[in-house]
Amino acid sequence: MIVAMTLPLAVSVLLGASASRLGRRLPPATAVRLLTAAMFVTALATGFVLAVAGVLVLAQIPLVAALGHYSAHALGSGLPVPIAAGCLAAVTVCGLLAAALRRAALGGRDLVLAAVACRRLGPAVGGLVVVDDEEPDAYTLPGLGGRVVVSTAMLRALPADERRVLLAHEAAHLARRHHLWVQAAELAAAANPLLRPATHAVRAAVERDADEVAATEVGDRVLAARALARAGLARAAARRAATPEVALAGAHAGVADRARALLAGPPPRRRMLAGVLAALMLAAGIAVLVTGLDTEARFEAAQSAYASSR
């Protein structure tokens with residue numbers, strides 16, 4: 001049981017350490033989905049084993065055992081979780097749960113703010129809103145009535161063919177619901193801080209995925225890379241202080257790396273790396289199953305011992 005309980009922690013460390021490399025090597029669409037799913041499964045598994053460790057220790061309190069009608073002595077006999085470790089696990093899982101709930105609340109708030117911003121922008125043609133602004137910028141406001149927002153300065157900075165790339169990139173964020181994948185990754189990282197590096201990998205993969213969609217739509221990867229570089233230079237020249245909090249803007253990712261990825265050609269499928277992520281999720285799931293079954297068996301044995309002593 002101790003191996004099963006420590007396995008999600010090991011998977012968390014491994015995923016956090018390898019996420020950046022996996023995100024670069026996997027096809028962007030696959031990286032977004034698999035990395036986010038792996039983070040979510042691992043966070044849930046880690047929270048479960050920590051909660052079990054805390055419960056197994058707290059359940060040995062005589063008053064709690066009496067209320068549950070089981071033998072505290074039988075439950076604690078041969079327990080693989082030290083008392084101090086169980087208490088630490090209980091405190092940790094409570095803190096992580098609070099952090100996850102806070103992150104979920106912030107994510108909900110951001111979506112509400114995005115919806116409000118969409119209403120204030122008014123009707124849009126094809127979901128596109130052009131704002132009169134001297135700062136070159138383009139971003140998406142997610143939600144059911146999402147918008148692609150682009151400034152007049154950004155439109156002036158790009159020739160017509162590169163504008164098509166920019167608009168296709170931003171529209172891809174809306175069409176593929178990238179904001180939901182990012183929110184899910186951040187929620188998983190809040191519940192398990194060991195996964196924090198994987199959040200950056202998901203954000204980078206989201207941008208690369210939108211780049212691939214745009215390149216496919218215009219049918220020219222060189223043009224897409226050139227538009228990406230020119231838009232990045234326009235933003236840098238303007239020295240924009242920050243983008244809207246609820247936006248998914250291309251400036252957040254490494255423009256040079258994304259341009260090189262476009263020029264390198266369509267990404268290969270990388271079935272082996274996808275299999276590695278699937279294996280990590282499977283290992284975390286098995287750890288939860290083994291821990292749950294063993295814990296259930298311990299409580300059943302403790303209840304039998306309590307019944308025999310009556």
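Our estimate of slack between residue 131 and residue 66, defined as 0.36 nm per intervening residue step minus the Cα-Cα distance, is 16.7 nm.
Please determine, in degrees from 0 to 90 and to the nearest 10, the orientation of helix 83-121 with respect to the longest principal axis defined by the Cα atoms of the chain, where the helix direction is its Cα long axis. Rounded to the nearest ten degrees, it is 30.
Evaluated with a Cβ-only charge set (Lys, Arg +1; Asp, Glu -1), the chain carries a dipole of roughly 400 debye about its Cα centre, given to the nearest 20.
Over the chain, what percent of the accessible surface lies on carbon and sulfur atoms, probe 1.4 Å?
Accessible surface attributable to carbon and sulfur in the chain totals 66 percent.
A Förster radius of 30 Å combined with the Cβ-Cβ distance from residue 113 to residue 44 puts the calculated FRET efficiency at roughly 0.60. Shown is the FRET efficiency for residue 104 and residue 301, computed with R0 = 35 Å from the Cβ-Cβ distance and rounded to the nearest 0.05: 0.40. One decimal place: the segment residue 94-residue 263 gains 56.2 nm when fully extended, by the rule 0.36 nm per residue minus the C-alpha distance.
For residue 71, the residues whose modelled amide H falls within less than 5 Å of its own, excluding neighbours fewer than 5 places apart on the same chain, are 303, 305, 306.
Given the rule -39500 (n - 2.57) for each run of at least 4 DSSP H residues, summed and divided by the residues of the chain, what is its mean residue ellipticity at 222 nm, to the nearest 500 deg cm²/dmol?
Computed ellipticity for the chain at 222 nm equals -25500 deg cm²/dmol.
Modelled spin labels at residue 25 and residue 270, positioned 7 Å past Cα toward Cβ, are 0.7 nm from each other.
Take the Cα of residue 14, step 7 Å toward its Cβ, do the same at residue 286, and the gap between the two points is 1.0 nm.
Only one of [x] 18.9, 57; [y] 19.1, 53; [z] 24.5, 85 was calculated from the structure for Rg and Dmax of the Cα atoms in Å, and its label is [z]. When 272, 281, 5 are compared by accessible surface with a 1.4 Å probe, the order from highest to lowest is 272, 281, 5.
The values are calculated or read from the model by the stated rules, or taken from the named source; none is laboratory data. The structure displayed is predicted, hence computed values, not measured ones. Note that each Cβ is placed from the backbone with ideal geometry, even for glycine, and that neighbours are counted across all protein chains shown. Ligands, DNA and RNA are excluded from the accessible area calculation, which covers all protein heavy atoms including side chains. Shrake-Rupley method; radii C 1.70, N 1.55, O 1.52, S 1.80 Å.
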